[in-house]
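Some notes on the structure that comes next.
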Amino acid sequence: MSVLEWLAAALLAAGAFFFLAGTVGLLRFPDALARLHALTKADNVGLLLICSGLAVLGGSVRVTGLLLLVWLLAMLASTVSAHLIAGRALADDDTGDPLDEGADERARSEGGT
Amino acid sequence: MNLLIDVLIAIGLVVLAWQALVGGSLFRGIVMFIVFGLTMALAWARLGSPDLAMAEAAIGAGVTGALLMIAYWRLRALGASRPTPRSRLRARLALGVGVLSSVLVAMIGLAAVEAIGPGGEAGQALAAALPATGLGNPITGVLVIFRNLDTLLEVAVLLAAYVASRAALGDDKAALPLPPAQDAPLVGALVAVLAPLTVLVAIYLLKAGSQLPGGAFQAGAVLAAGGVLLMLAGRLHPAPLCGLGLRIALVAGTVVFSGVGIIMLALGQPLLAVPGTWAVYLIETAMMVSIGATLVLLFAGSAGLSGKALR
Amino acid sequence: MSHAEVWVVAAAAVFGIGLYSLLIAAHLLRQLIAIKVMGSAIFLVLVVAAGPIDGALDGLPKALVLTGIVIAISAIAFALALLVRLAEVTGSTSLEDDADDDR
Amino acid sequence: MSLLLPALVVFLLLNLVAGLWRVFLGPTAADRMLSALLFGSTTVAMLLVLAQWQQSPALRIAALLFVMLAAITSIAFVALTQGRVAARRAPAPPVEPRQ
């Protein structure tokens with residue numbers, strides 16, 4: 001393997017680590033806001049690292065530009081989504097799942113099967 | 001390693017289908033179904049079908065989730081009652097039917113895999129005929145050159161879906177209710193970036209469609225997603241009347257496709273023959289506009305669209 | 001098991017789950033999702049059964065499925081409009097009332 | 001490299017499976033949406049890796065579509081819950097009046 005490939009491998013492995021960190025945060029953190037915090041940051045760094053690794057491997061300006069665009073859009077989308085969902089999570093603090101009234105479904109699974 | 005990836009995605013599909021459909025709240029089912037769509041895109045990617053991965057991405061991420069969630073909201077806003085649960089006997093019978101149908105599909109599918117082997121005859125004929133058309137993407141070739149009548153009728157089906165939903169919603173020009181628009185500053189910034197970008201990407205997909213993966217169906221789905229975004233952000237509103245421009249957009253695909261076909265008939269060619277690559281672009285552009293407009297109107301549940309809010 | 005067999009078996013299982021849910025789900029929205037899931041399973045079988053996984057030459061079933069995806073979503077959108085209209089008129093989200101087929 | 005890329009795909013897939021557990025658990029609707037977003041960004045990463053590994057550049061466009069359109073679902077989700085809060089304050093009319 002050439003130097004570039006080693007570099008790409010290191011970047012990809014680091015990216016995988018950040019994705020793992022994000023998932024661990026998602027599973028282990030206590031409430032929705034903390035999980036949001038862990039997930040959006042770690043995943044964006046992970047995506048940046050994976051995009052960088054793939055850009056090194058891809059080796060063309062076109063591929064690099066596209067990967068950069070994907071990452072920037074992912075930043076934008078996750079910023080907006082995290083903002084909106086955090087607002088939601090704050091608004092129904094402690095009230096549990098405002099949409100999860102699945103009485104119909106639960107009644108069915110209790111009485112039906 | 002390849003097989004491991006396929007097996008993981010396949011198991012994921014089965015688990016997600018179960019999660020989306022059996023037990024749990026309806027909202028959880030909708031979220032699981034959105035994730036099922038993501039996983040389908042991965043499956044298409046593994047099956048060497050980037051065209052389908054693109055269509056699944058545009059439809060699954062942009063339209064389906066919003067459509068189901070808004071329908072859920074509409075039902076709740078109407079205060080519709082919850083249905084009574086099904087009986088135990090029915091569930092047992094359904095289990096048997098489900099298992100049997102599953103075995104049937106597996107047998108048909110496995111038999112087909114055995115029988116056809118690599119590359120069906122139609123696929124080989126297609127690969128042989130494609131170079132003469134000047135198109136590099138076999139899927140666009142199939143859609144416009146070899147299956148033209150089908151494709152025309154598929155655009156017509158979209159139009160029919162719009163007309164049918166107008167009919168279903170009554171003759172009083174009523175529209176379905178929509179939740180209050182999101183107009184937070186961040187959403188405004190997102191719309192400012194994404195709305196032009198959807199148009200740009202749609203045009204790219206349309207142009208790429210003749211040689212590379214892409215084409216009218218994906219491009220139309222991307223345009224529709226842009227329209228859905230504008231509606232959710234309160235930039236586009238349902239309107240009780242369908243304006244002239246929108247009417248033209250709705251029928252453009254059907255009219256241009258059949259128009260070109262009939263002109264070719266008049267020139268002594270077979271019906272719906274396509275005279276060249278320029279005609280493919282023309283037809284695909286009209287189809288893209290029609291697909292986008294129809295999907296947005298179906299999402300809105302109204303006759304037309306307007307830039308200004310009603311009232 | 002080969003690649004194709006893995007996909008066919010998974011698609012068959014997904015189809016079975018979809019049909020099972022279609023029969024037991026009381027809520028029409030859930031039944032619509034079930035129909036959509038069954039459709040996806042059939043698309044998968046169609047593409048996998050047609051040809052090689054890696055060479056990927058056969059454009060015909062892919063073209064069928066491509067239009068199928070768009071048609072499916074428009075059909076679902078129409079069905080959702082019908083469903084909301086049904087709820088508007090009858091206040092119900094199932095078709096239970098006019099067929100007591102449970103007994 | 002021919003081994004690293006598929007290994008990365010497998011790793012990300014396993015990550016998804018773990019994330020699925022959170023969608024399953026909830027407990028709030030916001031949690032479920034959040035986890036679906038995680039699925040989105042991981043799927044994008046996987047599509048990019050697959051594009052490189054399978055030499056299929058079009059998958060990068062599919063990934064681009066995913067990141068472009070991912071936010072639409074969360075906007076719909078928030079509109080949905082806000083509509084509900086408003087509806088709780090004053091019952092929404094079944095159909096908006098038209099003329």
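The values are calculated or read from the model by the stated rules, or taken from the named source; none is laboratory data. Nothing here was measured: the structure is a model prediction, and the numbers come from that model. FYI the Cβ positions are ideal-geometry reconstructions off the backbone, even for glycines, and counts take in every protein chain you see. Note: areas computed on protein heavy atoms with side chains; ligands, DNA, RNA excluded. Shrake-Rupley method; radii C 1.70, N 1.55, O 1.52, S 1.80 Å.
A few notes on this one:
- Selected residue [assigned to a helix (DSSP H, G or I) and either open to solvent by 10 Å² or more (accessible area, probe 1.4 Å) or more than 7 Å from every other protein chain (Cβ to nearest Cβ) (or both)] from B:Gly65, B:Gly60: B:Gly60
- Taken residue by residue, segment B:220-238 has at least one member that is crowded, with 19+ Cβ neighbours inside 10 Å and assigned to a strand (DSSP E or B).
- Within the option set D:Ala51, D:Ala29, D:Ala62, D:Ala71, being more than 7 Å from every other protein chain (Cβ to nearest Cβ), open to solvent by less than 10 Å² (accessible area, probe 1.4 Å) and either closer than 15 Å to A:Phe19 by Cβ or not basic (Lys, Arg) (or both) holds for one residue only, D:Ala51.
Residue-wise test of (1) in a helix (DSSP H, G or I); (2) modelled with pLDDT under 85; (3) open to solvent by 30 Å² or more (accessible area, probe 1.4 Å).
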| residue | (1), (2), (3) |
| --- | --- |
| B:Leu246 | yes, no, yes |
| B:Phe257 | yes, no, no |
| B:Gly261 | yes, yes, no |
| B:Met287 | yes, no, no |
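- The requirement of being more than 7 Å from every other protein chain (Cβ to nearest Cβ) and either free of Cβ contacts under 8 Å to residues at least 24 places away in the same chain or open to solvent by less than 30 Å² (accessible area, probe 1.4 Å) (or both) is satisfied by B:Gly96.
- A count restricted to segment B:21-49 and to residues that are within 14 Å of chain A (Cβ to nearest Cβ), in contact (Cβ under 8 Å) with a residue 40 or more places away in the chain and out of contact with any Gly (no Cβ under 7 Å at 6 or more places or on another chain) stands at 2.
- Yes/no for D:Trp21 being touching a residue at least 12 places away in the same chain (Cβ under 8 Å) and surrounded by fewer than 22 Cβ atoms within 10 Å (Cβ to Cβ): no
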